[in-house]
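Undergrad: I have a structure I would like to understand better, so I am pasting it below and will then ask my questions one at a time.
Coordinate-derived values only; no laboratory data. All values reported here derive from a predicted model rather than from experimental measurement. All Cβ positions, even for glycine, are placed from backbone atoms using ideal geometry, and neighbour counts span all protein chains on display.
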């Protein structure tokens, strides 16, 4: 997770950095100390894992902290921190940073296990299936209009041109109704059931109704599903399940809270 400057600064305080470390000073601005630990944390957050620290980056970040302290001092001297609108923005920002720190700590104490990651991987893989399909469709509002389009196609009408002219699916009509490669599980059941019954190059003989309207579907091609290995998919699954853990933490707090 990429850390913002504000998140990193808060993490220094939230993790309980020893007083002796905080007493070490990176710079002083009008008598106000910038703790060395603050600079070290920001440098670490801006150094890619496994790479050595760059002195140039450290100096640049030190200058940023000095400029931040200078402008903050001037803003306070000007009374901007007392401005009600700015005070509200500061409070919201403080709450957001503290929320992020709390959720990161909660996830650290309630980690997603490898077994949970593998279980989710297996679930998604089973749901995806062994084959994926390259399809086109024409989406219209009524069954009668869909039947007319099917009749046009049987007389030699151009599927792509009709899709561009008449389909109400703005995402695919400009591409002649092309939906690209997708597993059937990505579509709503009536659509996927009709699609998987088609042979390559075949168009549905009757309109297919979904909650979006009436579809005329053509299967252009099919192939075995290209599914990533568990190790390749693991980071994305980790992020997804960690987000679910964080949401559970929020839900639990809401359940115990008195909200009026």
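Undergrad: Gain in length, residue 134 to residue 73, computed as 0.36 nm per residue apart minus the alpha-carbon separation, to one decimal in nm? It would help to have the intermediate numbers written out before the result.
TA: Values: separation 61, 0.36 × 61 = 21.96 nm, distance 6.04 nm.
Gain on extension, residue 134 to residue 73, equals 15.9 nm.
Undergrad: Quick one: 173, 154, 118, fewest Cβ neighbours within 10 Å first, how do they rank? Display every interim value, and only then the final one.
TA: Numbers: 173 20, 154 10, 118 13.
So the residues, fewest neighbours to most, are 154, 118, 173.
Undergrad: Mind pulling the angle between the C-alpha long axis of helix 114-128 and the longest principal axis of the chain? Nearest 10 degrees, somewhere in 0 to 90.
TA: 30
Undergrad: Which of these values of Cα Rg over 2.2 N^0.38 Å was calculated from the structure shown: [x] 1.56; [y] 0.93; [z] 1.04?
TA: [x]
Undergrad: What ranking do 187-195, 103-111 get when scored by the average of other Cβ atoms within 10 Å per residue, highest first?
TA: Values: 187-195: 17.4, 103-111: 13.7.
So the peptides 187-195, 103-111, ranked by packing, come out 187-195, 103-111.
Undergrad: Please determine, in degrees from 0 to 90 and to the nearest 10, the orientation of helix 84-109 with respect to the longest principal axis defined by the Cα atoms of the chain, where the helix direction is its Cα long axis.
TA: The angle comes out at about 80 degrees.
Undergrad: Mind checking the alpha-carbon convex hull of region 131-224 and giving the volume per residue in Å³? The partial results should precede the final answer.
TA: Working: hull volume 7.7 nm³, N = 94.
Dividing the Cα hull volume of region 131-224 by its residues yields 82 Å³.
Undergrad: What's the extension gain from residue 170 to residue 233 if we count 0.36 nm per residue and subtract their Cα-Cα distance?
TA: Details: separation 63, 0.36 × 63 = 22.68 nm, distance 3.08 nm.
Roughly 19.6 nm would be gained on extension.
Undergrad: Using alpha carbons only, how many degrees (0 to 90, rounded to 10) separate the axis of helix 143-154 from the longest principal axis of the chain?
TA: 70
Undergrad: Another one. Using Stokes-Einstein with the Kirkwood hydrodynamic radius over Cα pairs, what translational diffusion coefficient do you get for region 181-248 at 10 °C and a viscosity of 1.306 mPa s, in µm²/s rounded to a whole number? Each step should come with its number before you reach the end.
TA: Details: Rh = 14.7 Å.
For these conditions, the coefficient is 108 µm²/s.
Undergrad: Another one. Given contacts defined as C-alpha pairs under 8 Å and at least six residues apart, what's the relative contact order of region 122-170, whole-number percent?
TA: Working: 20 pairs, mean separation 23.6, N = 49.
Computed over region 122-170, the figure is 48 percent.
Undergrad: Hey, what number do you get for the chain at 222 nm if only DSSP H runs of n ≥ 4 count, each worth -39500 (n - 2.57), divided across all residues, to the nearest 500? Provide the component values of the computation, followed by the final result.
TA: On the way: 10 runs with 144 residues, N = 260.
Computed ellipticity for the chain at 222 nm equals -18000 deg cm²/dmol.
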